[in-house]
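In what follows, a single structure is set out as structure tokens and then discussed.
No lab work stands behind these numbers, since they all come straight from the coordinates. For clarity, every value in this text was computed on a predicted model and none was experimentally measured. Here the Cβ positions follow ideal geometry from the backbone for every residue, glycine too, while neighbour counts run over all protein chains shown.
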Amino acid sequence: MTADRTRARVFVSGTVQGVYYRANTRDTAREKDIDGWVRNLADGRVEAVFEGPEDTVAEMVEWCHTGSPAADVDDVEVEYADPEGEDGFRIRR
């Protein structure tokens, strides 16, 4: 892995389930050529992992503060780590 790649694990809270947040995250990540996944959590939050160039991952993290047009985001928590080799971007069930 190159040094300019990073991994961000994001937890998004607010009205983020049932508002196409995951689908919009997937589509936006694919447009930006970011690898990773997104899923709903039982507690009502959405969890996502983004891997790619640091600047593009930062754009995705910033995007999460708004997300889907129907979403109402209250908070975004981010943890950064070394990439683990995600390939493609998918919605996890």
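List of remarks:
- Distance between the 7 Å Cα→Cβ label points at Glu62 and Arg30: 2.4 nm.
- Option label - semi-axes √(5λ) of the Cα gyration tensor in Å computed here, alternatives (1) 23, 14, 10; (2) 21, 12, 12; (3) 37, 19, 9: (2)
- Total charge dipole magnitude, the chain, about the Cα centre, Cβ charges on Lys, Arg, Asp, Glu only, Debye to nearest 20: 520
- Within the listed set Asp27, Asp43, Asp74, the Gaussian network model of the chain (springs between alpha-carbon atoms below 10 Å) gives the highest mean-square fluctuation for Asp43.
- Two-site FRET efficiency, Ala23 against Glu84, from Cβ-Cβ distance with R₀ of 41 Å, rounded to 0.05: 0.95
- Computed from Cα positions, the angle between helix 21-31 and the longest principal axis of the chain comes to roughly 30 degrees.
- Proxy reagent accessibility, fewest Cβ within 10 Å first, across Ile34, Ile91: Ile91, Ile34
- Within the listed set Gly44, Gly36, Gly67, the residue fluctuating most in the Gaussian network model of the chain (springs between alpha-carbon atoms under 10 angstrom) is Gly44.
- Note, ³J(HN,Hα) from phi for the stretch 46-51, Karplus 6.51, -1.76, 1.60, rounded to Hz, x at Gly and Pro: 10, 10, 9, 10, 10, 10
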